[in-house]
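Engineer: Okay, here's the structure, questions in a sec.
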Amino acid sequence: MEDDKLILAIESSCDETAAAVVKNGREVLSNVISSQIELHKLYGGVVPEIASRKHIEKINQVVEEALEEANLTLDDMDAIGVTYGPGLVGALLVGVAEAKAIAYAAKKPLIGVHHIEGHISANYIENKELEPPFICLVVSGGHTHLVRVAEYGVYEILGRTRDDAAGEAFDKVARAIGLGYPGGPKIDKLAKEGNEKAITFPKAKVAGSPYDFSFSGLKSAVLNYINSCHMKGETVNEADIAASFQKAVIDVLVEHAMMAVKDFGNDKLAIAGGVASNSALRAAMQKACDENGIKFYYPSPIYCTDNAAMIGVAAYYESLKGVSHGWDLNAVPNLKLGER
Ligand code: KG4
Ligand code: ZN
């Protein structure tokens with residue numbers, strides 16, 4: 001249709017090189033993701049220099065595939081969306097340079113997108129009825145934010161982590177019990193075989209900031225527990241550690257999310273980011289929402305972890321507000337949510 005708005009979106013903020021075509025902000029026509037996980041696994045985490053180099057190798061191919069899969073050409077696009085922060089500066093630069101080159105050559109508007117805004121917007125893809133205002137818990141490898149989405153593109157951060165992100169805690173604990181990178185999905189799986197009540201780990205609260213999170217104490221408690229078992233010559237039950245650690249994280253996430261939804265007079269909660277694909281978190285959040293009469297929204301796992309479809313959705317809603325960027329758009333590694 002003439003009025004359809006098509007956006008080619010690019011995401012390269014961490015270790016996935018991704019491109020997607022999104023129609024009218026809600027329909028994903030293609031979603032291509034080239035993951036570097038296998039490469040970074042060798043080092044136990046993302047190596048920024050390697051990530052940038054790999055993005056350069058892959059980006060053209062991923063963009064071409066996204067257009068091909070959507071059965072469309074660059075000419076058909078109405079705008080080019082790209083993540084310009086936050087993230088690894090070298091990795092972000094590859095996507096930003098690619099998007100600028102394409103937008104300039106094809107004479108299309110360029111729309112820079114905040115990565116977290118992308119994660120939140122992933123909820124619009126499969127939940128066609130979801131509209132702001134709602135509360136969104138963003139839990140990824142780099143971020144833990146409790147956000148009030150006042151309207152499209154308008155965010156109020158209610159709480160954030162004071163130290164480690166939720167995903168980072170999963171990754172560090174996974175490494176400590178020998179599960180490798182990325183730890184989240186592995187802990188999710190192993191926890192199903194463990195007893196979540198076997199070990200009581202601390203659930204940190206931040207004095208005076210009821211919506212904030214802190215996970216570094218929990219991570220240290222897990223490491224101390226493992227060390228003390230070793231010192232006493234006791235065997236360590238990895239599955240029990242995974243289940244008990246996961247429960248400690250989830251209890252806090254659920255408690256804070258429920259409090260935010262109640263305090264802000266809202267009956268809608270969404271979750272987003274890589275950790276949002278955690279099966280126990282989804283189940284616990286669903287239960288709490290059901291008990292409190294709250295509607296619960298979450299993206300499919302493929303839209304939880306980094307992808308470009310979510311960037312296309314966010315770019316669409318930014319474009320409706322008239323947002324576009326100039327050729328001086330730069331990567332901003334510590335971009336704040338709500339900044340342009
Ligand atoms: O959103 P994402 O792909 O990247 C960032 O923007 O950070 O999130 C990646 C994070 C990693 O820390 C990974 O361990 C975690 O999400 N993750 C999970 C699960 N799947 C991915 N954490 C817990 N359970 C999962 N099933
Ligand atoms: Zn992310």
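Engineer: Would you mind telling me which numbered condition in (1) within 25 Å of residue 265 (Cβ to Cβ); (2) away from ligand 1 (no atom under 12 Å from the Cβ) residue 122 fails?
Structural biologist: The number of the failed condition is (2).
Engineer: Quick one: in the stretch 143-162, which of the residues that are surrounded by fewer than 19 Cβ atoms within 10 Å (Cβ to Cβ) and under 17 Å from the mean Cα position of the chain (by Cα) is farthest from ligand 1 (Cβ to nearest atom)?
Structural biologist: Checking each candidate, the answer is 157.
Engineer: Sticking with this structure for a sec: Please pick out the residue among 142, 153 that is small (Gly, Ala, Ser) and within 16 Å of ligand 2 (Cβ to nearest atom).
Structural biologist: Details: 153 fails: within 16 Å of ligand 2 (Cβ to nearest atom).
Among 142, 153, only 142 is small (Gly, Ala, Ser) and within 16 Å of ligand 2 (Cβ to nearest atom).
Engineer: Which residues, counting only those in the stretch 309-340, are in contact (Cβ under 8 Å) with a residue 40 or more places away in the chain and farther than 23 Å from residue 157 by Cα?
Structural biologist: 309, 324, 325, 326, 327, 329, 330
Engineer: From the list 58, 23, pick out the single residue that is basic (Lys, Arg) and within 28 Å of residue 338 (Cα to Cα). Talk me through it step by step, then tell me what you get.
Structural biologist: Numbers: 58 fails: within 28 Å of residue 338 (Cα to Cα).
Step by step, each of 58, 23 is checked, and only 23 is basic (Lys, Arg) and within 28 Å of residue 338 (Cα to Cα).
Engineer: Related question: Being crowded, with 17+ Cβ neighbours inside 10 Å and in a loop (DSSP other than H, G, I, E, B): is that true of residue 333 here?
Structural biologist: On the way: crowded, with 17+ Cβ neighbours inside 10 Å: no; in a loop (DSSP other than H, G, I, E, B): yes.
In short, no.
Engineer: Just checking, which of 197, 172, 192 is charged (D, E, K, R), within 14 Å of ligand 1 (Cβ to nearest atom) and surrounded by fewer than 18 Cβ atoms within 10 Å (Cβ to Cβ)? Working first, answer last.
Structural biologist: On the way: 197 fails: within 14 Å of ligand 1 (Cβ to nearest atom); 172 fails: surrounded by fewer than 18 Cβ atoms within 10 Å (Cβ to Cβ).
Step by step, each of 197, 172, 192 is checked, and only 192 is charged (D, E, K, R), within 14 Å of ligand 1 (Cβ to nearest atom) and surrounded by fewer than 18 Cβ atoms within 10 Å (Cβ to Cβ).
Engineer: Residue 129 fails exactly one of the following numbered conditions: (1) modelled with pLDDT of 95 or more; (2) surrounded by 22 or more Cβ atoms within 10 Å (Cβ to Cβ). What is the number of that condition?
Structural biologist: (2)
Engineer: Taking the residues in the stretch 276-317 that are basic (Lys, Arg) and either part of a helix (DSSP H, G or I) or within 12 Å of ligand 1 (Cβ to nearest atom) (or both) as candidates, determine which candidate is surrounded by the most Cβ atoms within 10 Å (Cβ to Cβ). If you could, list the steps in order and put the result at the bottom.
Structural biologist: Within the stretch 276-317, the first condition is being basic (Lys, Arg), and the residues that meet it are 282, 287, 295.
After this cut, where a residue has to be either part of a helix (DSSP H, G or I) or within 12 Å of ligand 1 (Cβ to nearest atom) (or both) as well, the list is 282, 287.
On the way: 282: 17, 287: 12.
If we take residues in the stretch 276-317 being basic (Lys, Arg) and either part of a helix (DSSP H, G or I) or within 12 Å of ligand 1 (Cβ to nearest atom) (or both), then 282 is surrounded by the most Cβ atoms within 10 Å (Cβ to Cβ).
Engineer: For the stretch 141-250, which helices (runs of 4 or more DSSP H) that fit wholly inside it have 2 or more residues that are closer than 29 Å to residue 315 by Cα?
Structural biologist: Numbers: elements: 166-176, 183-191, 216-231.
Answer list for the stretch 141-250: 166-176, 183-191.
Engineer: Looking at residue 185 and the list (1) within 8 Å of ligand 1 (Cβ to nearest atom); (2) surrounded by 21 or more Cβ atoms within 10 Å (Cβ to Cβ), which single condition is not satisfied?
Structural biologist: (2)
The values are calculated or read from the model by the stated rules, or taken from the named source; none is laboratory data. Since we're looking at a predicted model, the values are computed, not measured. Because the Cβ atoms are built from the backbone with ideal geometry, glycine has one as well, and the counts that use them run over all protein chains shown.
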